[in-house]
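Just so it is clear, none of the values below were taken in a lab; they were calculated from the coordinates. The model shown is predicted, which means the values in this text are computed figures rather than measured ones. Neighbour counts are summed over all protein chains in view; Cβ atoms, including those assigned to glycine, are modelled from backbone coordinates with ideal geometry.
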Amino acid sequence: MSAAPRALVAESGLYVHTTAYSVVLGGIIVLVPLYIISLGYNPGWLGVIIAGQGLFQVALRMFGGVISDRIGERWVIQASFAALVVGTLGLAFSSSLFALLAAQVLFGGSRAIYWTSSQSYGSRIDESRPTTLMGRFFGFAAVGGLAGNAGGGFVAVILGYQEGFFIAAAISAGAMVVVAVMPQLPRRAAMTLREILGPVPGVFRNRATLLPAVMALGTSLHVSVLSSVGAAVYKEFGFDDDAFGVLMAIHAGGAIVAGFLFARLLRRVGQRPTYAVTMALHGLPLIGIVLWGGSYPAAVALMFVLGLSFNAGRVLNVSITAMVSSPEQRGVFMAVVGIYWASGQMLGPLLFGPLAAVTSLTFSFIVAGALMTVAALLTPLLYAASRERV
């Protein structure tokens, strides 16, 4: 296969499997917290259970990047879908605490290795336009997330949780077929573990990684708090499962808009203002949900804005990371920044779930929103620290 058709197949396959992955992930984000609440667990336990996937993400982020650079991204992507199949089938057949925790561990492992490997693969399809490719990549991911969020809520109401988990397993298995026919992209052949891991200490010390790392942490905290404690907040406001699913779909709708228009916005506005506004929009709408989220129209508007900031944050952290890394070491650089994302996935539910249990759900949202608003105000300092490379 010549270079141009191979690139077309690679890009098309990337968009197909990330859409499928995001459909499953979007469904899980809605189904799992609602399922846990339906089993009678309080917000503290909800946070602890959801945090299980974050813990495994921290442990496996580097592993996913190393293996991607060592054997190629496709094998790692296949493994991530296999973990989704096993985890969703486990939830379909058991409602025990062990099954809940085991599934979260598998989901966390899948997310840890999927995003690192797929971002590395996508950024190497055409080195001349990583921002455009990643914008489209996350745009298709948002389309899948929208379908999964809305579908998860409606499936929970119409069919039930077990059927929802079976559907997620089937979609994951189908995506494995798509990944199998995608081409392996050229890479340097003689990559040893020492060669791959050699730059890791330097990446952690590199001041240029500060910007994508902080953005990754803030974006991850925003969505992890929203998809764990947020389910309980909207339950407290009186919204049903399908209404919460629609709100998460609105969030994904905002992400779609950001994904497909982000590159154009970045060229017009500039990176620094976009960075500051994105971080502010991670935090301020969370506070807005506390103030006005009991009104469904207001909740819809706030969730749309959060969706915009979510995908803008993802594209920013990936594109900046691509700017400061070589193609051969892209997986490890993505993995290092991904550790900050994984930390947000763990810390969001682990900290703000128990905080909600001992104070209130709304107070935990205010604290989370305030932290990210402060980070937005610190943007000039972050750029000053990173000015040599970005």
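Observations on the structure shown:
- Any chance PRO349 is buried (at least 19 other Cβ atoms within 10 Å of the Cβ), under 19 Å from the mean Cα position of the chain (by Cα), farther than 27 Å from THR116 by Cβ and touching a residue at least 24 places away in the same chain (Cβ under 8 Å): no
- Residue count for region 296-321 under the criterion of being over 23 Å from GLY144 (Cα atoms) and either surrounded by 24 or more Cβ atoms within 10 Å (Cβ to Cβ) or out of contact with any Phe, Trp or Tyr (no Cβ under 9 Å at 6 or more places or on another chain) (or both): the result is 3.
- Residues of region 364-374 include none that is in contact (Cβ under 8 Å) with a residue 40 or more places away in the chain, hydrophobic (A, V, I, L, M, F, W, C) and not in a helix (DSSP H, G or I).
- Looking only at region 251-264, residues that are over 22 Å from ASN149 (Cα atoms) and surrounded by fewer than 17 Cβ atoms within 10 Å (Cβ to Cβ) come to 1 in all.
- Of everything in region 148-166 that is crowded, with 20+ Cβ neighbours inside 10 Å and among the aliphatic types (A, V, I, L, M), the residue that is nearest to MET248 (Cα to Cα) is ALA150.
- Every residue from region 15-48 that is in a helix (DSSP H, G or I) and over 25 Å from ALA173 (Cβ atoms): ILE37, SER38, PRO43, GLY44, TRP45, LEU46, GLY47, VAL48
- GLY338 small (Gly, Ala, Ser) and within 21 Å of the chain's Cα centre (by Cα): yes
- For ALA142, the test of being in contact (Cβ under 8 Å) with a residue 40 or more places away in the chain, in a helix (DSSP H, G or I) and surrounded by fewer than 24 Cβ atoms within 10 Å (Cβ to Cβ) is failed.
- Of all the criteria given as (1) over 26 Å from LEU350 (Cα atoms); (2) surrounded by 18 or more Cβ atoms within 10 Å (Cβ to Cβ), the one not satisfied by SER80 is (1).
- Answer residue from region 228-242, given it is closer than 19 Å to GLY151 by Cβ and hydrophobic (A, V, I, L, M, F, W, C) and is surrounded by the most Cβ atoms within 10 Å (Cβ to Cβ) among those: ALA231
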